[in-house]
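Encoded as structure tokens, the structure appears first; notes follow it.
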Amino acid sequence: MKVLGIETSCDDTSVALYDSEGGVAENLVSSQVDLHDHFGGVVPELASRAHLVNLLPLVEVLLERQQLRLQDLDGVAVTAGPGLIGALLVGLSTGKALAMAADLPLVGVHHIEGHILANALTAEMQLPAVVLVASGGHTELIHMPLIGRYERLGGTLDDAAGEAFDKTAKLLGLPYPGGPQIDRLARQGTPGGFSFPRPLQKDPRLAFSFSGLKTAVRTAVDGLPRPLEPQTVADVCHELQEAIVDSLCAKLFAAARKKHVGAVYLAGGVSANGRLRERVAREARQRRLHFVAPDRVYSTDNAAMIAYAGYCQLRAGRRDSLDLDSFPRGPIVSWA
Ligand code: KG4
Ligand code: ZN
């Protein structure tokens, strides 16, 4: 079965082909980072316009490279939400048009399900598991007994983990998106120079809070001489990353304990973070839990994860009508 995936929920235009016989055959991502960098964050209207310009040419390139016609496919999977509504609409209407033109089944995929199933593109998932989804818009703990069944255990009370990386990076004068910058600079940082809070660590809830970090970083750097020394920036990045990773790890393993699962997974853009992968790998080993970090190309937004999630749904006999709507927010839903 060959499934075309389309992902346009935020600032990456991506199309992919998942083939049940060979895995991911194609995963094309056109990043808009340069477009939004100047504004220090994603400008929704600019994102929609760029998707509109880039999406169909990307589909054409994919088909040409694969020597396929639209009619040779077995389905179209498209991110229906959550995300920027205008950006989602470009992907959804394109997906519908392609499905209609070639009389192919259409499935709408929840963006978070895509991120979770990105793990299955790296190695077969061991289930039941607890998955920590951490991206620019989400920080959630999901209990997953099987593919297609998801139970939300808790999440952030305010900012998402990726937002904490991006907002504090902005404070430090680093370019957007901040996560990869902080990941890189933190390696040169020396521990102990700064101290940032780890909220809710003693709270029994499976919840996160990251909004206070921005204030803590601002307070810490406000009194420092300008321009900030590169070593000082690296030291702040180091401690900031430790604070975020400590918070994420503590609740991920608390959730795994609570649900008595044998495996944990990471999903979403923040799962590309080197320190988070290292810490989760070490603590999972100590607790004898199975863990394989997702391939980095499938950590951040991509259409391969959407194509694969669509394939799982189509294989189970699910399909959507052309009335399918996009949605800016909403919890992950089970279909199995
Ligand atoms: O999943 P994603 O590509 O888009 C959303 O659905 O939000 O996640 C983007 C987020 C951004 O906040 C970005 O800063 C963060 O993932 N991110 C990272 C790293 N790479 C991307 N955060 C920490 N370390 C990284 N290496
Ligand atoms: Zn995402």
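The values are calculated or read from the model by the stated rules, or taken from the named source; none is laboratory data. Just so it is clear, the model here is predicted, and its values are computed rather than measured. Neighbour counts are summed over all protein chains in view; Cβ atoms, including those assigned to glycine, are modelled from backbone coordinates with ideal geometry. These accessible areas exclude ligands, DNA and RNA; they are computed on the full protein's heavy atoms, side chains included. Shrake-Rupley method; radii C 1.70, N 1.55, O 1.52, S 1.80 Å.
Restrict the check to the range 171-185 and report whether at least one residue is at pLDDT 95 or above, under 20 Å from Asn27 (Cβ atoms), in contact with a Gly (Cβ under 8 Å, 6 or more places away or on another chain) and not small (Gly, Ala, Ser).
Within the range 171-185 (the criterion being at pLDDT 95 or above, under 20 Å from Asn27 (Cβ atoms), in contact with a Gly (Cβ under 8 Å, 6 or more places away or on another chain) and not small (Gly, Ala, Ser)), the answer is no, since none of the residues qualifies.
Checking the condition open to solvent by 20 Å² or more (accessible area, probe 1.4 Å) and away from ligand 1 (no atom under 14 Å from the Cβ), which residue from Glu163, Glu151 passes?
Glu151
Only one of Ala281, Ala303, Ala309 is under 24 Å from the mean Cα position of the chain (by Cα), open to solvent by less than 60 Å² (accessible area, probe 1.4 Å) and outside the structural domain of Leu28 (by TED's automatic domain parsing). Can you tell me which?
Sole residue among the options that is under 24 Å from the mean Cα position of the chain (by Cα), open to solvent by less than 60 Å² (accessible area, probe 1.4 Å) and outside the structural domain of Leu28 (by TED's automatic domain parsing): Ala281.
Give me the pairs: first residue in the range 86-101 and over 12 Å from Val76 (Cβ atoms), second residue of a type outside the set (Asp, Glu) and open to solvent by 30 Å² or more (accessible area, probe 1.4 Å), beta-carbon distance under 6 Å, and six or more apart or on different chains, which are they?
Gly86/Pro44; Val90/Leu52
Give, as residue ranges, the strands (runs of 3 or more DSSP E) completely inside the range 2-49 that count at least 2 residues that are charged (D, E, K, R).
Hits in the range 2-49: 2-7, 12-19.
Which of the residues that make up the range 149-188 are assigned to a strand (DSSP E or B) and within 16 Å of ligand 2 (Cβ to nearest atom)?
Tyr150, Gly155, Thr156 - these are the residues of the range 149-188 that are assigned to a strand (DSSP E or B) and within 16 Å of ligand 2 (Cβ to nearest atom).
Considering only residues that are basic (Lys, Arg) and crowded, with 23+ Cβ neighbours inside 10 Å, which ones fall in the range 203-259?
Across the range 203-259, the qualifying residue is only Lys251.
Which numbered condition trips up Lys258, out of (1) part of a helix (DSSP H, G or I); (2) within 16 Å of ligand 2 (Cβ to nearest atom)?
The single condition Lys258 does not satisfy is (2).
Within the range 111-126, can one find any residue that is open to solvent by 30 Å² or more (accessible area, probe 1.4 Å), aliphatic (A, V, I, L, M) and in contact with a Cys (Cβ under 7 Å, 6 or more places away or on another chain)?
No, that holds for no residue.
Assuming Gln188 fulfils every condition listed in (1) within 16 Å of ligand 1 (Cβ to nearest atom); (2) open to solvent by 40 Å² or more (accessible area, probe 1.4 Å); (3) under 24 Å from the mean Cα position of the chain (by Cα) apart from one, which condition is it?
Going through (1) within 16 Å of ligand 1 (Cβ to nearest atom); (2) open to solvent by 40 Å² or more (accessible area, probe 1.4 Å); (3) under 24 Å from the mean Cα position of the chain (by Cα) one by one, Gln188 breaks only (3).
Name the residues in the range 284-299 that are open to solvent by 10 Å² or more (accessible area, probe 1.4 Å) and either more than 16 Å from ligand 2 (Cβ to nearest atom) or closer than 21 Å to Arg152 by Cα (or both), would you?
Hits for the range 284-299 are Arg285, Gln286, Arg287, Arg288, Leu289, His290, Phe291, Val292, Ala293.
Quick check on this structure: which one of Leu266, Leu322 is open to solvent by 70 Å² or more (accessible area, probe 1.4 Å), in contact with a helix residue (DSSP H, G or I) (Cβ under 8 Å, 6 or more places away or on another chain) and either outside any helix (DSSP H, G or I) or more than 16 Å from ligand 2 (Cβ to nearest atom) (or both)?
From the options Leu266, Leu322, the qualifying one is Leu322.
Pick from the range 31-48 the residues that are out of contact with any helix residue (DSSP H, G or I) (no Cβ under 9 Å at 6 or more places or on another chain) and not aliphatic (A, V, I, L, M): which of them is most open to solvent (accessible area, probe 1.4 Å)?
His38
Would you tally the residues in the range 112-125 being over 13 Å from Ile332 (Cα atoms) and touching a Phe, Trp or Tyr at 6+ places or on another chain (Cβ under 9 Å)?
The qualifying residues number 6.
Report yes if Leu106 is away from ligand 1 (no atom under 16 Å from the Cβ), hydrophobic (A, V, I, L, M, F, W, C), closer than 28 Å to Pro331 by Cα and at pLDDT 95 or above, otherwise no.
When the stated conditions are applied, Leu106 passes them.
Sort out which residues of the range 215-229 are touching a residue at least 40 places away in the same chain (Cβ under 8 Å) and closer than 16 Å to Ala186 by Cβ, and write them in order of number.
Of everything in the range 215-229, those that are touching a residue at least 40 places away in the same chain (Cβ under 8 Å) and closer than 16 Å to Ala186 by Cβ turn out to be Val217, Val221, Leu228.
Conditions (1) of a type in the set (A, V, I, L, M, F, W, C); (2) out of contact with any Asp or Glu (no Cβ under 6 Å at 6 or more places or on another chain), marked per residue:
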site	(1), (2)
Gly192	no, yes
Ser195	no, yes
Leu200	yes, yes
Arg205	no, yes
Ser209	no, no
Lys214	no, yes
Asp222	no, yes
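Which of the residues spanning the range 281-336 are of a type in the set (Val, Ile, Thr) and in contact with a Phe, Trp or Tyr (Cβ under 6 Å, 6 or more places away or on another chain)?
Hit for the range 281-336 is Ile332, nothing else.
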